Each structure stands twice: as C-alpha cells, then as structure tokens.
1. For segment 2-106, what class follows from the C-alpha gyration tensor (a ≥ b ≥ c being the square roots of its eigenvalues): rounded when a/c is under 1.5, otherwise prolate if a/b is larger than b/c, else oblate?
2. Name the trypsin sites (Lys or Arg not before Pro) in segment 68-107 that are in a loop by DSSP and that have at most 14 other C-beta atoms within 10 Å, would you?
3. Rounded to the nearest Å, what's the spacing between the alpha carbon centres of segment 50-107 and segment 11-27? Just the number, please.
4. Give the Rg/Rh ratio for segment 1-58, taking Rg as the radius of gyration of the Cα atoms and Rh as the Kirkwood radius, to two decimals.
5. Output the 0 to 90 degree angle, nearest 10, between the alpha-carbon long axis of helix 39-56 and the longest principal axis computed from the alpha carbons of the chain.
6. Divide by every residue of the chain the summed helix terms, -39500 (n - 2.57) for each DSSP H run of at least 4, and state the resulting mean residue ellipticity at 222 nm, rounded to the nearest 500 deg cm²/dmol.
7. Extending each Cα 7 Å along its Cβ direction at residue 11 and residue 83, get the distance between those two points in nm, one decimal.
Amino acid sequence: MQVILILISTITFIFYGLLCLLTDHMKLEFQRYGLSQFRKLTGTLELLGGIGLLLGQYYTPLLITSAGGLSLLMFMGVIVRLKTRDPLIEILPAFILMILNLRILLN
C-alpha cells in the first residue's frame, strides 16, 4: 500500500511541478495569489519532492524529508487558497495531497 501511495504522490508532484514551471495558467494563478515570485521555487520543490519520494524508497531519510516537505508545501497551499476564498473543490487537491504525504511520512 505504501508503494502505491508513494507512486501516486510522485507522479502528481512531478506533473504539477512541470505545470508550475512551464504553463501560463500557473503563472496567472500565482499572480492571482500575489505570489508570482514563488512560482519557480514552488515548481522546483514539487519536482524535487516527487523525485525524492521515488528515490526515498531506497533511502529512508530522503523519503522522510520529501514527504514532510511536500506536506508542508501543501499545507501552505491550502492556507493560500483559503485566504483567496477559493471554492472547496479547488482546495481539496492540496488538502488531499497534504494528508497523503503525512500518511507516507508517518508510516
């Protein structure tokens, strides 16, 4: 079960990290949040976290660091979306990914 959770999170964060770095849609989203200066950092952290989860299956400290970092990143994402008064359906992905990575971290 743990391996499946890690793979889901890995694929999701690599995908969203690339979207964050490469798409105009994400540029506009970060402008809307008032956080344009953090878009590249966020995308890079998502990519590194996803890769870290994958490699962390072979090196536990990396798994712990990656899952913890991604949990924190998603917690901050939930806070930002709550502050911008986004609808619940738009907050749920970040919340679910936060819980998923907390599960990986605490397992």
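Computed from the coordinates by the stated procedures, all read-outs in this text should not be read as laboratory data. Owing to the predicted nature of the structure, the values given are computational and were not obtained by experimental measurement. So basically every Cβ, Gly included, is an ideal-geometry build from the backbone, and we count neighbours across all protein chains shown.
1. Numbers: a/c = 2.21, a/b = 1.58, b/c = 1.40.
Prolate, because a/c is 1.5 or more and a/b exceeds b/c.
2. Working: sites: 81, 83, 85, 103; in loops: 85.
Hits after loop and neighbour filter: 85.
3. Value for the Cα centre distance between the two parts: 15 Å.
4. Working: Rg = 12.7 Å, Rh = 11.7 Å.
Taking Rg over the Kirkwood Rh, I get 1.08.
5. 10
6. Numbers: 5 runs with 92 residues, N = 107.
-29000 deg cm²/dmol, from helical runs alone.
7. Calculated label separation equals 3.3 nm.
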